[in-house]
Every structure is written in C-alpha cells, then in structure tokens.
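A short reminder: the numbers here are calculations on the coordinates, not readings from a lab. Predicted, not measured: the structure shown is a model, and the values here were computed from it. For neighbour counting, all protein chains shown are included, and Cβ atoms are generated from backbone atoms with ideal geometry for every residue, glycine included.
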Amino acid sequence: MTSALAPTPLLKPLQIGPITVGTPVVLAPMAGVTNRAFRTLCREAGRSAGFDPGLYVAEMVTSRALVERNVEALRIVTFGPEETPRSAQVYGVDPATVGAAVKIIAGEDRADHVDLNFGCPVPKVTRKGGGAALPWKRQLFTDIVKAAVEAAEPHGVPVTIKMRKGIDDDHLTYLEAGRIAESLGVAAVSLHARTAAQHYSGQAEWEAVARLKEAVRTIPVLGNGDIWSAEDAVRMVEETGADGVVVGRGCQGRPWLFADLAAAFNGSDLRVRPGLREVADTIYRHGLLMVEYFDGDEGKGMRDLRKHMAWYLKGYAVGGEKRHSLALIDTLDELRERLDALDLDAPYPGEDAEGPRGRAGSPKTPHLPYGWLDSRDLSEEFEARLREAELSVSGG
C-alpha cells in the first residue's frame, strides 16, 4: 500500500557506518520482546507501507554468556535469512569480555551492526555497575567502547551506543559519553531521554536529545522516549534536530506502528488502524513465529507470547474473562480457538488503543555498587572483580 501522492522524505537516510537505513527508525532492543518473531512482524509492517522499513535490533545479550557460548545467548544473535541488516545489542561491564563478545559477533558474521547497552535501568544490571550506571566511570566506559570498536572494525561492522541521561539529575553523563563515543569511532549514539532514577516514569526530556545533537556533530544522534505514534516521532525530530528515532514500548502489541512510522518519515499520511480481526490474525501469526523461533516447542512459544496479549488488546472491547483465557494459552489450537471466540468484527477503537503502553512505574533510587558515586574512577576492589570475571570466562 502506498500514498497516492509522491511523498517527500522528512529526513535523509540514516547512515550507520556502511549501513544505509532509508527510514531513520530503529526498533529498540527489549528483553523478552524483540526476538526474531516480533522483529519479523515489525519489519513486515514497515515494508507494507512501501518504504524502507528501518533497523530492528535483537534482544540484549550479555557479553559473558556469549563468550561462554551459552545456547540461549547464541539463539539471540541468530537471525532469519530475511533479516538485513542484522542488528545485535551487547551488554557487559568488562572491556576484555565485551571485546571478545563483539569479536564473536563480527568475526563469525553473526550480525552487521552491534549496539552497546549503556541505558538499562533495572537493578540486576545497575547493581553490577552496568547499563545506565556505567558511563559514570568514564575510563571504564571509554575502555569498553574502545574494545568493542577495535573488535568490530576489521570486519566492517559498525558499533553504536544506546544510553540514558545519567544515573539521576545530579549525576548526568550523556554529553560526555556522547563525545567520548564519537572520538572513539562509534557510528551513532542513541539517547533515552530519562535518567536511570526515572526508570520509565514521568516524561522523557526531549531537550536532552537536542543538547546531545549540539555536542555530537559528526555522527548521527537518535532520540528515544515517549514515542507512542508516528506523530510523536515526527515531533521529536522537529523539536530536537535528531537524525532519527528509537522506538521501544510504543510498539508493544502494535507492530503495525512501523508502517505508520515508515509512512510518516517518507511524507505519507498513511496510517494503520486495525479492527479486531486483523489484530487476532497478527496475534496468531506471532504465535506461529514464536513456535518456529523456539524450534517447534509449542509450550515455550505460547508461554512467551502470553505477555503480549494485554498489549495487543489495549482499547479493544474484549471482556476480562476472554483476556484472562488468552493469557493462559498453552497450544496453538487453544490460541486459535480463543481468538475466534472474540467479536472479530469489532472496529478499531480509536484513542483507547493509542498512547502509552506498558507499566511506567514510579521513580526509583538506582541500585549501584557500594561507593559507586564517590568517584568517577574505578575502585581497586571493583577492578579486581572485573579481572576475576574475565578469568572465569571460558571460550572465545
């Protein structure tokens, strides 16, 4: 489907190293969400608008698990033949291990692009000094980024970073981190315009994206946070000067958002507004893709799909009992039967299906290693822990 009028692109294509992304839209890596099944739905939706669909990043994989060749870690960085470019995200706190993980991805031709996670705010990550906490230790951040870029460069694989503003409003790191990354040869930087302390609460401060764009001048800057619609995405780039957007929670249960985004960034007013039958068909296809992703394990695929139900059905006139039954599916037959029991002629519900998705929660005091904020430098104790972690890793 295409617009009747010749569209005029809102932005020029996004250039990430040697990779040209015609529509400057990136699917954010989300744990337990952006596996191959969901990426397929998002990519198909983007292409249905008749434009380049954007870039779709896999779930975050930990560097240590990848170096140890953990089966699930290797599954995360396994892509379908239709996925191009292939995009993986790596998380780690030790430069040597991150470098080894990136070498596996790039050297074994497992992905065409590697993103580094410096934005995760969840306690199990920040209490190890990782995610959004890590850029506070400027030398550690520098060493990790340098190790990743040097591991990827011989294979022509660009490295990008995704980060938050900082730990909290008193410990902001994003401008310094952006400049460091730029100086080390990173191909692009993305900013979720919240602090770790905000988690997903409140509003993203898009002005921070504009400030980062002013500070980082030679590589693309992408904005992330509170993009719930194509109109939000357009407004972000217009207000901040960003070179593109990264979309996370806004597409949960709504892969067709990428059709809207592709259309909007290419000057088309096309928007997808699915009735319940189309939503049900998408859910079932998602289920089929999940079973395929888990090598035919129907139970595992259905259990993983359950979390998506509330997102898919947001705003639609589906009773509580039917919603509950869909959140308990064990087989594809059950899924089909329970979807067919819905009022499939129900139309798109309008605003009730729009807006924020997922739980925003409330601000949280970040969990950090003891004494983490006392200095911008690493303590000897933490350096020793990093060395021990490196020594305990086998393989790679």
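Details
- Averaging 1/r over each pair of different alpha-carbon atoms in region 57-184 and inverting the result gives 14.5 Å, the Kirkwood hydrodynamic radius.
- Across LYS128/LYS314; LYS146/LYS213; LYS146/LYS307; LYS124/LYS146; LYS12/LYS137; LYS12/LYS300, pairs whose alpha-carbon gap is larger than 30 Å: LYS128/LYS314; LYS146/LYS307; LYS12/LYS137; LYS12/LYS300
- Angle between the chain longest axis and helix 276-293 axis [Cα atoms, degrees, rounded to 10]: 50
- Each 10 Å bin from 0 upward holds the following percent of the Cα-Cα pairs of region 206-301: 15, 34, 27, 17, 7.
- Against the main long axis of the alpha-carbon atoms of the chain, helix 36-48 sits at an angle near 60°.
- Calculated SAXS-style log₁₀ I(q)/I(0) at q = 0.12 Å⁻¹ - region 251-396, Debye, Cα scatterers: -0.70
- Reducing region 264-337 and region 26-41 to their Cα centroids gives an inter-centroid distance of 14 Å.
- On the principal axes of its alpha-carbon atoms, region 1-103 has extents of 52, 26, 20 Å, going from largest to smallest.
- Model label sites at ARG47 and GLU337, defined 7 Å from Cα along the beta-carbon direction, differ in position by 3.4 nm.
- Close amide H pairs (under 5 Å, H built 1.01 Å from N) link TYR56 with LEU27, residues at least 5 positions away or on another chain.
- Full-stretch length increase - VAL71, ASP297 - with 0.36 nm per residue and alpha-carbon distance subtracted: 79.8 nm
- When the convex hull of its Cα atoms is projected in every direction, mean area for region 280-358 (nm²): 5.0
- A simple packing score, the average count of other Cβ atoms within 10 Å per residue, orders the peptides 52-63, 254-265, 164-175, 314-325 as 254-265, 52-63, 164-175, 314-325, with the highest score first.
- Choice from GLU150, GLU381, GLU214 showing the highest fluctuation, given a GNM over the chain with Cα pairs closer than 10 Å: GLU381
- Cα coordinate range in the chain, projected on the principal axes (Å, largest first): 64, 45, 41
- The chain: calculated mean residue ellipticity at 222 nm from DSSP helix runs of at least 4, using -39500 (n - 2.57): -11500 deg cm²/dmol
- Gaussian network model of the chain, Cα within-10 Å springs - most flexible of HIS192, HIS113, HIS308: HIS308
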